[in-house]
Amino acid sequence: MTTALRTRIKFCGMTRAEDVAAAVALGVDAIGLILVPGSPRALSLSQAVALRASLPPFVASVALSLDADPADAQRSAATLRPTFWQFHGSEAPEDCDRIGLPYLKAVPMAQPEDAAAFAARYRSASGFVLDSHVAGGQGGSGRRFDWSRIPADLGRPLVLAGGLTPDNVFDAVCAVRPYAVDVSSGIESAPGVKDGDRMRAFVAQVQRADAILRSA
């Protein structure tokens, strides 16, 4: 949790250049590029490279993998060169360290597990993405988890994910006060197809929550 004056926003599961451009125009801080075969939002490496190349300065790119072969992940990282890598599976801490990039580690919150103990294994992580998946599962399910289970301090910036939408992100930011929020299905008209109105509404609700918290 954080006392930052502004909640950062990541739009994940981006698959179309026009959606990336719309996110940039809205002032979104990061876009997520999913490199998980079988995901409805999966990109080939060449597609991810093209979307990554379209980003202007100061908008971060985050490549997401799930239990990928460590050597394959390293080769993809060298080609794509994202700002961050996000490990969403049961990757060993040493394999995360070998990626050669700052990385985020997803923490599965759908089952009764000690999230703080899980996160403590990844001492080199730049931040932790708390999502509603089970261990080893994919995100993007559209389900939220019980925010009361979030540890008071994970020692790194907290990125809140899992079932966020324009209808609940105001409450999420006010209740959790995360460093950032991460949304995929909550701003879509179909898997991988972002909806302009929902994107705008999501950003507006985050900004509304930030304004209230600043004035409190």
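The values are calculated or read from the model by the stated rules, or taken from the named source; none is laboratory data. Since the model is a prediction, treat every value here as computed from it, not as a measurement. Neighbour counts are summed over all protein chains in view; Cβ atoms, including those assigned to glycine, are modelled from backbone coordinates with ideal geometry.
Please name all residue pairs, on different chains or six or more residues apart, with Cβ atoms under 6 Å, provided the first residue is in region 41-52 and is more than 25 Å from Gly186 (Cβ to Cβ) and the second residue is at pLDDT below 95 and part of a loop (DSSP other than H, G, I, E, B).
From region 41-52, no pairs qualify.
I need every pair where a residue in region 67-90 that is within 15 Å of Gln47 (Cα to Cα) has its Cβ under 8 Å from the Cβ of a residue that is assigned to a helix (DSSP H, G or I) and not hydrophobic (A, V, I, L, M, F, W, C), sequence separation at least 6 or different chains.
Every condition considered, the pairs that remain are Leu80/Arg52; Arg81/Arg52; Pro82/Arg52.
Could you say whether any residue in region 40-56 is under 18 Å from Tyr103 (Cβ atoms) and in contact with a His (Cβ under 9 Å, 6 or more places away or on another chain)?
No: region 40-56 contains no residue that is under 18 Å from Tyr103 (Cβ atoms) and in contact with a His (Cβ under 9 Å, 6 or more places away or on another chain).
List, please: which pairs have Cβ atoms under 6 Å, are six or more places apart or on different chains, and start with a residue in region 175-202 that is without any contact (Cβ under 8 Å) to a residue 40 or more places away in the chain and end with one that is part of a loop (DSSP other than H, G, I, E, B) and among the acidic types (Asp, Glu)?
Within 6 Å, the pairs are Ser189/Asp195.
Please tell me if Leu64 is crowded, with 19+ Cβ neighbours inside 10 Å, closer than 15 Å to Cys12 by Cα and more than 16 Å from the chain's Cα centre (by Cα). First the steps, then the outcome.
Numbers: crowded, with 19+ Cβ neighbours inside 10 Å: yes; closer than 15 Å to Cys12 by Cα: yes; more than 16 Å from the chain's Cα centre (by Cα): no.
Answer is no for this residue.
Condition check ((1) of a type outside the set (Val, Ile, Thr); (2) within 27 Å of Arg121 (Cα to Cα)) across all residues:
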site: Asp19; (1), (2): yes, no
site: Leu33; (1), (2): yes, yes
site: Pro40; (1), (2): yes, no
site: Ala53; (1), (2): yes, no
site: Val59; (1), (2): no, no
site: Ala71; (1), (2): yes, yes
site: Ser76; (1), (2): yes, yes
site: Ala92; (1), (2): yes, yes
site: Asp95; (1), (2): yes, yes
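Among the candidates Pro93, Pro102, single out the residue that is under 17 Å from Leu158 (Cα atoms), modelled with pLDDT of 95 or more, surrounded by fewer than 23 Cβ atoms within 10 Å (Cβ to Cβ) and of a type outside the set (Phe, Trp, Tyr). Lay out the reasoning, then the answer.
Details: Pro93 fails: under 17 Å from Leu158 (Cα atoms).
Unique residue meeting the criteria: Pro102.
Out of all the residues in region 159-197, which are surrounded by fewer than 18 Cβ atoms within 10 Å (Cβ to Cβ) and not in a loop (DSSP other than H, G, I, E, B)?
Residues satisfying the conditions are Asp171, Cys174, Ala175, Ser189, Ala190, Val193, Gly196, Asp197.
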